[in-house]
Amino acid sequence: MKKLFLIIPIILLFFAGCTFTPAETIPIINDLEANTTALNVMHMTDVDPNDGTNLWDQDADESGIQHTIYITFDKYFASGVVSFTNFELTEENNAAGIEDETIEYQKEFNRVKIFATFDDDGAYMIRIMADNVVGENGDFLDGNGNGIEDGSPFDDILIEYTTGIGVTDNDYEHPKLWMFGPIWQEPTTSDFRLFFDKTMDSASVVNHVNLYNEDGSSVPNDTLISIDASHSTYIFLIDDVDDLSMFYVEIECENIVDSFGNVMVPYNEEYTTDEPENFVFWFMTEDNDPAEDDTPLHVNNVIVNPDYVEIFFDDTLDITTMTNSNIFVYYMSGGEAYYIPGDIILSDDTEGCLYSLVNYDKVSRELMIIVKKETKDDAGWMLDNNGNDIGGEEYDPNKWMFTDSDDYIEYQWY
């Protein structure tokens with residue numbers, strides 16, 4: 001059990017003679033959920049016949065398989081977009097051919113019409129090139145549906161067809177890192193793990209995954225110790241690393257490919273080039289001494305009283321971090337947040353604080369309480385609000401499960 005002896009003076013709240021009403025909203029300084037969704041987004045809404053269909057002959061009087069394909073979108077195209085350069089039609093097995101192909105933009109239906117004569121027993125693909133297919137208002141093609149202009153090849157749309165007994169075993173899907181760990185604290189003698197959604201080229205994975213100390217110096221003991229039978233799960237050894245320390249794993253995405261040579265993308269699919277940036281995740285080691293404090297700070301509860309907001313934590317606090325730089329109270333009105341200036345004092349048990357509402361004129365009954373991730377306990381551990389036992393983290397859209405910052409935000413009616 002921790003022993004803490006502090007003499008805490010009684011801090012008197014200074015009560016102003018009149019209430020304070022902010023004239024305008026004050027920016028909320030937190031690191032949560034930046035909006036990355038673009039506005040001018042274009043999608044394919046329909047394809048007839050469906051992707052993967054075995055095409056049938058629409059004209060029995062002609063040789064080969066005559067068929068018409070319609071591709072519909074939700075935005076109009078810029079001029080010159082519709083061509084076989086941008087809607088690339090190819091045969092996929094080198095044993096079949098395409099003849100008499102034509103392409104037409106039917107603007108009144110907002111669709112592309114493709115006609116061709118296909119050889120029987122073949123496999124074919126239409127690749128819609130995201131880099132070149134642009135709406136008349138500058139709309140970009142969002143082929144992977146993540147709302148971000150990733151461009152080719154990630155936003156390309158691939159539509160495959162067969163004729164007769166034709167088959168295709170081509171794979172154009174980029175492998176995804178769908179899970180990884182540790183993201184919680186773990187014993188010092190452990191491992192880190194990578195989970196992909198496809199069979200990977202193992203050499204590319206092993207040679208392009210690196211372990212580093214917090215200061216960026218390399219940790220050499222990142223030896224591969226296990227690959228599963230599908231070559232999609234990889235476990236690397238972590239041994240003899242420091243207690244109570246931060247480490248990070250860096251994955252060189254552009255150099256890691258699946259068994260078909262497709263480059264990998266991170267879990268959240270927010271990639272913006274065909275050579276994705278390196279992917280990084282952090283973890284912190286525990287202490288082997290069970291008596292050592294290796295747990296970050298958490299907010300247990302918030303109670304709004306008529307004259308103050310009381311915030312309860314799960315550990316004794318670092319007094320120096322109980323400031324207006326780390327703790328904020330706003331009132332909500334018309335969808336906007338308005339800052340309420342207030343003094344802060346420590347609770348008697350030093351595991352909480354009181355935020356004065358003397359400057360609040362009660363124009364709204366909805367409050368927003370923010371505790372910044374830089375708030376610390378007396379052992380120096382920062383606030384952990386996303387539940388992974390690592391405090392002080394920024395918002396990270398790439399992180400599996402825990403995407404939030406460690407900032408604490410709560411709305412309360414009273």
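When we screen GLY97, GLY122, GLY80 for residues that are more than 32 Å from the chain's Cα centre (by Cα) and without any contact (Cβ under 8 Å) to a residue 12 or more places away in the chain, the only hit is GLY80. Does LYS376 satisfy the condition of being among the basic types (Lys, Arg), buried (at least 18 other Cβ atoms within 10 Å of the Cβ) and farther than 20 Å from TYR411 by Cβ? Yes; evaluated as a whole, the condition is true for this residue.
Only a single item in (1) open to solvent by 40 Å² or more (accessible area, probe 1.4 Å); (2) out of contact with any strand residue (DSSP E or B) (no Cβ under 8 Å at 6 or more places or on another chain) is not met by ILE148, and it is number (1). Among the residues making up the stretch 84-132, those that are of a type in the set (Ser, Thr, Tyr) and open to solvent by 30 Å² or more (accessible area, probe 1.4 Å) are THR85, THR90, THR102, TYR105. Being part of a loop (DSSP other than H, G, I, E, B), within 27 Å of the chain's Cα centre (by Cα) and modelled with pLDDT of 95 or more is a condition met by at least one residue of the stretch 35-48. In the set TYR395, TYR408, TYR414, only one residue is within 28 Å of the chain's Cα centre (by Cα) and open to solvent by 50 Å² or more (accessible area, probe 1.4 Å); that residue is TYR395. Within the stretch 127-170, the set of residues being among the aliphatic types (A, V, I, L, M), at pLDDT below 85 and over 30 Å from ASN93 (Cβ atoms) comprises ILE148 only. Look at (1) under 13 Å from ILE251 (Cα atoms); (2) out of contact with any helix residue (DSSP H, G or I) (no Cβ under 8 Å at 6 or more places or on another chain); (3) not in a strand (DSSP E or B) and you find that PHE195 fails only one, number (3). Restricting attention to the stretch 325-347 and to residues that are out of contact with any Lys or Arg (no Cβ under 6 Å at 6 or more places or on another chain), in contact (Cβ under 8 Å) with a residue 40 or more places away in the chain and in a loop (DSSP other than H, G, I, E, B), the residue that is least open to solvent (accessible area, probe 1.4 Å) turns out to be ILE340. On the basis of being in contact with a Phe, Trp or Tyr (Cβ under 8 Å, 6 or more places away or on another chain) and either open to solvent by 20 Å² or more (accessible area, probe 1.4 Å) or of a type outside the set (Lys, Arg) (or both), does ILE235 make the cut? For ILE235, the condition - in contact with a Phe, Trp or Tyr (Cβ under 8 Å, 6 or more places away or on another chain) and either open to solvent by 20 Å² or more (accessible area, probe 1.4 Å) or of a type outside the set (Lys, Arg) (or both) - is met.
The residue that is nearest to GLU91 (Cα to Cα), among those in the stretch 171-192 that are open to solvent by less than 60 Å² (accessible area, probe 1.4 Å) and assigned to a loop (DSSP other than H, G, I, E, B), is ASP171.
Within the stretch 233-252, the residues that satisfy the criterion of being in a loop (DSSP other than H, G, I, E, B) and either at positive phi or of a type in the set (Ser, Thr, Tyr) (or both) are ASP240, LEU244, SER245.
Every condition in (1) at pLDDT 90 or above; (2) over 13 Å from ASP258 (Cα atoms); (3) in a strand (DSSP E or B) is met by GLY216 except one, and the failing one is (3). Taking ASP314 as the residue in question, decide whether it is among the acidic types (Asp, Glu) and touching a residue at least 40 places away in the same chain (Cβ under 8 Å). Answer is no for this residue.
The lone criterion from (1) of a type in the set (S, T, N, Q); (2) out of contact with any helix residue (DSSP H, G or I) (no Cβ under 6 Å at 6 or more places or on another chain); (3) in contact (Cβ under 8 Å) with a residue 60 or more places away in the chain left unmet by THR375 is number (2).
Of the set (1) more than 30 Å from ASP404 (Cβ to Cβ); (2) open to solvent by 40 Å² or more (accessible area, probe 1.4 Å); (3) small (Gly, Ala, Ser), all apply to SER217 but (1). Cβ-Cβ distances below 8 Å connect the following pairs, each with a first residue in the stretch 256-268 that is of a type in the set (Gly, Ala, Ser), a second residue that is modelled with pLDDT of 85 or more, and a separation of six or more residues or different chains: SER259/LYS198; SER259/THR199; SER259/MET200; SER259/ASP201; SER259/HIS231; GLY261/ASP201. Count of the stretch 348-365 residues, restricted to those that are open to solvent by 20 Å² or more (accessible area, probe 1.4 Å) and either modelled with pLDDT under 90 or more than 37 Å from the chain's Cα centre (by Cα) (or both), is 8.
Quick one: in the stretch 49-83, which of the residues that are modelled with pLDDT under 95 and among the small types (Gly, Ala, Ser) is most open to solvent (accessible area, probe 1.4 Å)? This residue is SER79. Among the residues making up the stretch 390-414, those that are in contact with a strand residue (DSSP E or B) (Cβ under 7 Å, 6 or more places away or on another chain), under 22 Å from VAL302 (Cβ atoms) and modelled with pLDDT of 85 or more are GLY391, GLY392, ASP406, ASP407, TYR408, ILE409, GLU410, TYR411, GLN412, TRP413.
The values are calculated or read from the model by the stated rules, or taken from the named source; none is laboratory data. This is a predicted model, so every value here is computed, not measured. Cβ atoms come from the backbone with ideal geometry, glycine included; neighbour counts cover every protein chain shown. Surface areas here come from the heavy atoms of the whole protein model, side chains and all, with no ligands, DNA or RNA. Shrake-Rupley method; radii C 1.70, N 1.55, O 1.52, S 1.80 Å.
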